[in-house]
Amino acid sequence: MTGALLVAGLGAIAIGGALCVLRRGLSIGLAVQTVGAAGVAVAGFWTLGSSASLGDGFSSSFAPRLGVDGLSGLFLGILGLIAVPALAFSVRYLRPGPNGRAVGALTALFVLALALVLCGRDPLTFLVGWESMTLIPAVVILVSRGADRRARRTVFNYLALTHLGGAGTWVAILLLAHAGAIGGQTTIASGSGLQIAIALSALAGMGTKAGVMPLHVWLPRAHPIAPAPVSALMSGVMIKVALYGLVRVLLDWDGVLPVWFGVLVLAVGAFSALGGVVYALFEHDLKRLLAMHSIENIGIIVLGIGASIVLRARGADMWAAFALAAALLHCVNHAVFKALLFLGAGAFERAVGSLEIDRLGGLLRRMPWSGGAFLVGAAAIAGLPPLNGFASEWLTLQALLHVPRYGNVGDGVAGALALAALAATAALAVFCFVKVVGLVLLGAPRTPAAAAAEEQPLPMRAALVFLALACVALGVAPGVLFGPLVGLAPWPSAHATQLGLHLPGTGSLPTVGIALVLVAVTIGLALLRGNRRAAPAPNWASGQLVEPALNWTSAGFTKPLRLVLELVLRPQREISSRTVGGVLQQVAYSGNVPHLIEDRLYRPAERMAFRAAVHARRLQTGSVGTYVVYLIALVLVLLVAVRLGVIG
Amino acid sequence: MSAASAVSTAVQVLGGIVLAPLLPGLVQHWKARLQGRRGPTPLQPYRELRRLWGKSMVDPEGSGPIYRLAPVVVAAALAGAVLVVPVAQSAPTLGLGHDALLLLGLLALARFAIASASWDVSNGFSLMGASRDLTLSVFVEATFILALAVAALTSGTTDLRGVVAGTAGIGVWKSPALALGAVSFAFVVIAETGRQPVDNPDTHLELTMIHEGPLLEYAGRDLAYLQWAAAARHWLVLVLAAEVFLPHPHGVWLQLAVLPVALVPLCAALAIVETILAKMRILLVPRLLAVGAAAALLGIAAWIAGAA
């Protein structure tokens, strides 16, 4: 029954994709895809709830096998949940020209590729799905951007980086298949060299695809230039599917990993969380800012995974399962609010024509539905109660707090540092989204284009409001998902399904009560304040006239933090003034916060790669004689190796 | 519900809502005395709230719904926080539970609301205060959670009732963990209450404002809510200091009896600190808080070493 629904849903997406190719088929095709995605969402969450497996089980052999279990069901559910609003949004967002039709068809292909990774039960299907999920967004960007040279270069960067890093995925999966560990035919010995090799290559390969720092450089470039619905799918779902792979390898197939590896994962997570949010703060383009925030949230999820590895290695199986469930719940939550924010950015781009954050303003008044939904998403990603971001961040904090409880001094202090890093990340996220909300939604419009912004058509608004309601629902009743998520751990674990979050050793989070009390007290205080007879007054600027030049900018608002972190971030700034006869005529200011990882790590690596290429070219002389010498040398080396017993 | 937990609930709710303004009043009163002035009575905050309640509110040009909603949301978040922080080891849940980390979430909600309101009114001084407040909050929050982690590890739970019970008595002080946590929490108290050397609550110069900055345009009942919220912040961190990070006895009745005995000297201590120390350069405050965070980390290491 569930399997039939899943197949029907995926079939509908395929048919919808084919319809998009037809001349007048774009709207119908997208509508059919939306219905299909809804079917996938229902089937996925149903599989999660019923904890039954469908189809084949995992196997290390290379014969194609397809199937679904609880963990796949969860991610299929996320895929459907995000694809429905993204596709509904596309109905009016994509223009019915050849480009729009191609993007519509490719979106279907993208969704199917993501589903293939989730349903693949053998190494080959998994890897085929993995590669297509990397390639299809590249095609979408190339198609939608046409002849844009910079976009082409970005796509090249994206493909090069994800393939270089992605090699780790191949190594990890093929080593696991070779050892027969996929599907649990054999278990990999804890602490063995093979186990560590698999874990490290999976962390590098799948971490690159997930956008973990310092392997993230492709993400803030590739996500923003895709069309908004595809950005939403990339940031909301694709990088989560990479984490699906990571969870499978690190927590299931690769056996019980040692404590130090868990601490390494914690360090990577904390670095991504802090780095992502800090660079997001100094970003001026809304979509790039959101992409940097994806890195932050991936970091939070990786913190949960790391806590789970450490706690499992320490034998605290119950809290290891809670930590994993916290990470998975944050996957769902981040998918929902990040899709909401990317689609909202798409709506603002349509209305204003720019996403330069200092050129928007006042959109809450001009676009009450889109703006209101965006505000809910911003509060959710900032981790404010009673919305969904708070629930999963609370769970992750609790999980990290249990690392010192079960550990010794080394990993305990590492856990405490990760805890402090996550708290600082949450505060930075509040900072960043106050800035976004303020500059985009509040105050007076900063440009004539923003002042003339119009609310977007119904399907786009409906998609945004649907996701905002999902933020509220997941914030009020996170326990409904959390219970089944605890059961997904590969070791025996179970937790009762409730509305709120009630864990032993914590003060519990009765989310329904929190939401009710906060709303009731807010309404009560508003009533108590009574009829708000307010006197209009000019803005206080120490007596001088308020003029647009006094408007605050993104750079101004974040300046205190930039100064505090000066030693770490090395911001650059330049002020030049022109004076005529001792009278100041003009002041020019420019400043930016360089991305240190790119400048200090990737640029030198790039230069070295080019230099190495120059040397390597000397081997290619072009004369046949040289190549014959190479071949003879190779044969000789192989013969010597066989003689010495190195191979064979 | 037993008599003890009924009384402790009454103290928690009424104390948090009604007595909270007395705490900053006491600090101001003693501070004036220490500076050789007679100063206002400790009841001055109540007089100001009454005066503000009768005045009309002000809507600056261009301000929108978020500006009007923010004071209510701030007050509601702080009222929620008052319901979360118990004054003794036994209390009913009051709908919100008693989790320590929820307190951080509610304070973040209040910060988000008031900082967004600064953008809505687009007042440069409000935004200056908000951006400084948000910058410092990064370091405050990290230190706060580490201090709470020390208490949670010592008592084995993050339920604040359990934390109050688990840190009671003399036994827990044999390990240096809780003492180091208390040192770290002292920095949090000063930062969260917005007092010198972090912030100057008496300043009338817009350029030096942190917590006061975003309040600049507000008047009337809006301002009354915001000033009450600032007082409630004093109540929350000082109650936590008294019932968790200072030695306190077992048993609800004794804990309730000890509360005023601890709160009054804590206010006096704040007054003394504020008299002795000048306001720091804002860019140096993170270093101050880093000292607090380091103390808490040492406390956690000490706890693990002691538990092993």
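The values are calculated or read from the model by the stated rules, or taken from the named source; none is laboratory data. These figures come from a predicted structure and were not determined experimentally. Cβ sites come from the backbone with ideal geometry, for glycine too, and all protein chains shown count toward neighbours.
In table form, for the structure just shown:
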read-out: Among the candidates B:Ala177, B:Ala142, residue that is buried (at least 24 other Cβ atoms within 10 Å of the Cβ), facing another protein chain (nearest Cβ under 9 Å) and out of contact with any Cys (no Cβ under 6 Å at 6 or more places or on another chain); value: B:Ala142
read-out: Criterion: part of a helix (DSSP H, G or I) and buried (at least 24 other Cβ atoms within 10 Å of the Cβ) - qualifying residue of A:Val302, A:Val263; value: A:Val302
read-out: Listing of helices (runs of 4 or more DSSP H) fully contained in the range A:116-230 that carry 3 or more residues being modelled with pLDDT under 85; value: A:149-179, A:219-225
read-out: Residue match in the range B:31-51 (condition: at the interface with chain A (Cβ under 8 Å from one of its Cβ atoms), more than 25 Å from B:Phe185 (Cα to Cα) and either among the β-branched types (Val, Ile, Thr) or under 22 Å from the mean Cα position of the chain (by Cα) (or both)); value: no
read-out: Whichever residue in the range B:158-171 is free of Cβ contacts under 8 Å to residues at least 60 places away in the same chain and surrounded by fewer than 21 Cβ atoms within 10 Å (Cβ to Cβ) and, among such residues, is farthest from the other protein chains (Cβ to nearest Cβ); value: B:Gly171
read-out: Residue satisfying condition, being more than 8 Å from every other protein chain (Cβ to nearest Cβ), buried (at least 24 other Cβ atoms within 10 Å of the Cβ), among the small types (Gly, Ala, Ser) and not in a helix (DSSP H, G or I), within set A:Gly389, A:Gly361; value: A:Gly361
read-out: Residue in the range A:276-286 that is touching a strand residue (DSSP E or B) at 6+ places or on another chain (Cβ under 9 Å) and outside any loop (DSSP other than H, G, I, E, B) present; value: yes
read-out: Count of residues meeting criterion [in contact with a helix residue (DSSP H, G or I) (Cβ under 8 Å, 6 or more places away or on another chain) and either more than 7 Å from chain B (Cβ to nearest Cβ) or not in a loop (DSSP other than H, G, I, E, B) (or both)] in the range A:545-554; value: 3
read-out: First in the range B:287-308 and among the aromatic types (Phe, Trp, Tyr), second anywhere and modelled with pLDDT of 95 or more and exposed (fewer than 15 other Cβ atoms within 10 Å of the Cβ), Cβ under 7 Å, 6 or more apart; value: none
read-out: Odd one out for B:His250, checked against (1) loosely packed, with under 15 Cβ neighbours inside 10 Å; (2) in a helix (DSSP H, G or I); (3) not aliphatic (A, V, I, L, M); value: (2)
read-out: Residue list for the range A:481-494, filter: touching a Gly at 6+ places or on another chain (Cβ under 9 Å) and farther than 21 Å from A:Tyr244 by Cβ; value: A:Ala494
read-out: Among residues of the range A:422-452, those that are part of a helix (DSSP H, G or I) and either at the interface with chain B (Cβ under 7 Å from one of its Cβ atoms) or buried (at least 24 other Cβ atoms within 10 Å of the Cβ) (or both), counted; value: 20
read-out: Odd one out for A:Ala489 among (1) free of Cβ contacts under 8 Å to residues at least 24 places away in the same chain; (2) surrounded by 24 or more Cβ atoms within 10 Å (Cβ to Cβ); value: (1)
read-out: Pairs, first touching a residue at least 40 places away in the same chain (Cβ under 8 Å) in the range A:3-16, second assigned to a helix (DSSP H, G or I) and surrounded by fewer than 24 Cβ atoms within 10 Å (Cβ to Cβ), C-beta under 7 Å, six or more apart; value: A:Leu5/A:Gly39; A:Leu5/A:Val42; A:Gly9/A:Gly39; A:Leu10/A:Leu112; A:Ile13/A:Leu112; A:Ala14/A:Leu112; A:Gly16/A:Val32
read-out: Residue in the range B:86-99 that is more than 17 Å from A:Trp552 (Cβ to Cβ), modelled with pLDDT of 90 or more, touching a Gly at 6+ places or on another chain (Cβ under 7 Å) and facing another protein chain (nearest Cβ under 9 Å) present; value: yes
